[in-house]
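Okay, structure first, notes after.
The values are calculated or read from the model by the stated rules, or taken from the named source; none is laboratory data. A quick note: this is a predicted structure, and the numbers were derived from the prediction, not measured. Remember, those area values only see protein heavy atoms, side chains included, never the ligands or the DNA or RNA. Shrake-Rupley method; radii C 1.70, N 1.55, O 1.52, S 1.80 Å.
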Amino acid sequence: MKKLGLIGGVGPEATLQYYKEIEYSVMKKLGKPVLPEITIESLSCFKMIPFGATQDYEGMTEYILGAVRTLEKANCDFIALACCTEHMVFDRVARETAIPMLSLVQVCVSEAKKKKFNKLLLFGTEGTMKDTYFKELFEKEGIQVVTPSEEDCKWIGWHIENELEHDVITKDTKEKFIEIANKGYSDLGVDAILLGCTELPMVYGDVELKIPTLDATKIHIQNIIDEMHEYIGKKQALDLMHENHFVSFT
């Protein structure tokens, strides 16, 4: 089975979601108590977020590459970053390793195209909303990405760093997040909200908005599971052969 190298810890809640959903979804696909191998290299969101806010691409790249080197030694077959902000330097990091990397942003672009969205409202850390790495990939496919007002961006960024990353979500905070989303839908004429932070499902996971959401975490996790699909399909075929006592040597 393909072994996943997951760079997590940015933050802990997202890492837990990635780990549990990947493990149990693969087991469900196989129909047997078999879990895929995952090596998690945990980085600190409280180092990563400032790199993003100041657009310190070199500092962020070096920090992530330290984790990548560990995953290389662990013989991982592919790598995923359980953090949207880290994708600011995805291309820089990918150039420095021979291990394939699965881009969260790119799989979100594919999903948005599939759903025929034309204009998205991006929520994320301040660094994510300020930078262009999301916008550029979407705009190559003719999909416009806009962000909330400067005041709302600061509010969202602060509450991600100071509440969600601490596993805290108050009623007032949740209501404000919902208000900003609905306001963006009304004022900006967007097709969907792009949840461009892997902690945002904490806020919107059980909420019905006026507008669809494009959940980057959910989409990325599903694509990681799909990356393992080739092995899973072969494993099921081999099991079926053995059950029917047919063994082929080629």
Open item on the list: Order His87, His166 by their accessible area, 1.4 angstrom probe, all chains in place, largest first.
Closed with: His166, His87
- [ ] Identify all lysines with a Cα-Cα distance to Lys47 below 20 Å; exclude those on the same chain that are fewer than 8 residues away in sequence.
- [x] Lys130, Lys154
- [ ] Compute the Cα gyration tensor for region 77-207, then decide on rounded, prolate or oblate, letting a ≥ b ≥ c be the square roots of its eigenvalues: rounded whenever a/c is under 1.5, prolate when a/b is larger than b/c in the other cases, and oblate in all that remain.
- [x] oblate
Task: With Cα atoms, 0 to 90° folded angle of helix 171-188 axis to the chain main axis - done: 80
- [ ] Report relative contact order for region 93-232 in percent, whole number only (criteria: Cα-Cα under 8 Å, sequence separation at least 6).
- [x] 30
- [ ] Give the accessible area for Tyr63 in Å² (nearest 10); use a 1.4 Å probe, count only protein heavy atoms, and leave out ligands, DNA and RNA.
- [x] 50
Task: Using alpha-carbon coordinates, inclination of helix 57-73 to the longest axis of the chain, degrees - done: 20
Task: Solvent-accessible area of Lys2 with every protein chain in place, 1.4 Å probe, in Å² to the nearest 10 - done: 70
- [ ] Keeping every protein chain in place, order His220, His159 by accessible area at 1.4 Å, biggest value first, i.e. largest first.
- [x] His159, His220
Task: Tyr57 - accessible surface, heavy atoms, 1.4 Å probe, Å² rounded to 10 - done: 70
Open item on the list: Helix 104-114 against the longest principal axis of the chain: what's the angle in degrees, Cα atoms only, rounded to the nearest 10?
Closed with: 90
